[in-house]
1. Can you tell me which residue within the range 60-76, out of those that are outside any loop (DSSP other than H, G, I, E, B) and closer than 18 Å to His98 by Cα, is least open to solvent (accessible area, probe 1.4 Å)?
2. What do you reckon, is Leu228 within 19 Å of the chain's Cα centre (by Cα), more than 23 Å from Ile152 (Cβ to Cβ) and not small (Gly, Ala, Ser)?
3. Could you grab me the full set of residues in the range 197-243 that are at pLDDT below 95 and among the acidic types (Asp, Glu)?
4. Quick check on this structure: which one of Ala299, Ala311, Ala293 is touching a helix residue (DSSP H, G or I) at 6+ places or on another chain (Cβ under 8 Å), part of a loop (DSSP other than H, G, I, E, B) and without any contact (Cβ under 8 Å) to a residue 12 or more places away in the chain?
5. I'd like to verify a number: residues in the range 326-382 that are of a type in the set (A, V, I, L, M) and in a helix (DSSP H, G or I), how many?
6. Among the residues of the range 192-217 satisfying the criterion of being of a type in the set (Gly, Ala, Ser) and within 30 Å of Thr3 (Cβ to Cβ), which is surrounded by the most Cβ atoms within 10 Å (Cβ to Cβ)?
7. Somewhere in the range 102-125, is a residue small (Gly, Ala, Ser), outside any loop (DSSP other than H, G, I, E, B) and without any contact (Cβ under 8 Å) to a residue 60 or more places away in the chain?
8. Scanning the range 221-232 for residues that are open to solvent by 70 Å² or more (accessible area, probe 1.4 Å) and touching a residue at least 40 places away in the same chain (Cβ under 8 Å), which turns out nearest to Met141 (Cα to Cα)?
Amino acid sequence: MSTDVAIVGIGIHRFGRTPGVSGRRQAVAAARAALADAGTGFADMQFAFGGSHSAGDADTLVSELGLTGLPFINVANGCATGGSALISAHAAIKSGLHDLGIVIGFDKHERGAFNTDPAEHGIGAWYGETGLMLTTQFFGMKIQRYLHQTGIDVGVLAKIATKAFRNGALNPNAWRRTPLSEAEIAAAPMISHPLTQYMYCSPAEGAVALVLCRADLAHRYTRRPVFLRGATLRSRQYGSFEVFSPWLALERADAPTVEAARAAFEQAGVAPDEVDLAQLQDTEAGAELMHMAESGLYAHGEQEKALAEGATEIGGRLPVNTDGGCIANGEPIGASGLRQVYETVLQLRGDAGAHQVPGGPRVGFTHVYGAPGISACTVLTR
């Protein structure tokens with residue numbers, strides 16, 4: 001019996017703002033689209049994993065999808081909620097426990113910055129009272145430090161954000177679909193130096209669902225399965241520089257992305273130089289820059305040259321965030337990691353339309369990062 005895992009159905013509810021449509025309704029729409037894509041029904045699902053930060057408990061979606069009695073487990077893991085749900089499903093199939101199931105991630109956040117209670121992260125109230133819970137400040141400090149350490153010019157941040165909006169304009173499911181120039185982005189209001197308004201993503205709405213099965217059964221549901229070769233998650237180590245940390249150790253340690261990416265590639269039996277496209281967490285433009293190296297796709301300091309040469313563009317050597325990433329799509333926490341996988345499956349199938357990577361990509365990599373220092377990665381092949 002095969003223990004490989006295939007993705008045989010994908011569904012999405014467009015990201016952004018959808019007035020009058022609850023996060024739950026968006027999740028149901030995505031789930032039904034994924035089931036239809038796989039040519040199956042919710043009654044056939046043997047299990048489900050799902051999560052949302054602000055839009056309700058995922059397991060209650062059975063009220064709309066079907067009261068079939070299946071085990072439906074809620075997953076909550078910050079921005080890695082969707083990735084964690086997918087890892088759980090991957091393990092359930094590889095273990096032999098189940099053959100067929102569904103993963104659903106969704107959210108509907110209020111307008112404005114995320115409002116998080118320091119106590120939820122084991123931090124005193126002073127941390128919020130001094131303004132440090134505003135993640136815009138953390139990301140500003142982190143990229144300042146990184147640019148100083150690597151000698152990369154600050155101008156690359158506007159270049160990365162410009163690519164995001166350009167790619168988002170080609171993606172019918174993206175929120176921000178108006179291209180912006182580097183000059184417009186650089187001249188936008190400064191939020192936390194050196195990051196301007198349009199270098200950040202925004203809390204958003206949206207939903208994604210994936211149907212997974214044992215790889216040797218994939219032919220029952222699709223002629224074009226995409227195989228989930230690796231799916232891993234790692235948390236922070238002592239000495240890594242992470243969001244919502246009230247102190248910084250003198251010792252330095254690798255970020256959780258380094259460990260998660262390495263584990264995903266090892267699990268998949270794939271090397272980073274075999275990747276044809278990547279979706280990387282871009283909470284802001286600096287995050288994409290750092291994660292290009294932390295994921296093992298580039299050496300630290302090489303990114304500036306790669307960006308100047310257009311390597312990360314849709315037609316480049318290693319396209320990054322082909323659907324516009326979080327900057328163009330916004331971030332509904334429960335759905336972001338699954339959006340990356342949805343986009344990669346589209347690309348590997350050759351179904352991405354105007355933002356399709358040319359040349360028939362065969363290997364994709366996804367990476368999501370969240371508070372308080374967790375990283376989930378996948379490797380997918382066709």
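1. Phe72
2. yes
3. If the condition is that a residue be at pLDDT below 95 and among the acidic types (Asp, Glu), then Glu242 is the only one that fits.
4. Ala299
5. Total satisfying the criteria: 10.
6. Ala207
7. yes
8. Restricting to residues being open to solvent by 70 Å² or more (accessible area, probe 1.4 Å) and touching a residue at least 40 places away in the same chain (Cβ under 8 Å), the top hit is Arg229.
The values are calculated or read from the model by the stated rules, or taken from the named source; none is laboratory data. Treat the numbers as computed from the prediction; the structure is a model and nothing was measured. With ideal geometry, Cβ positions are generated from the backbone for all residues, glycine too; neighbour counts draw on all protein chains shown. These accessible areas exclude ligands, DNA and RNA; they are computed on the full protein's heavy atoms, side chains included. Shrake-Rupley method; radii C 1.70, N 1.55, O 1.52, S 1.80 Å.
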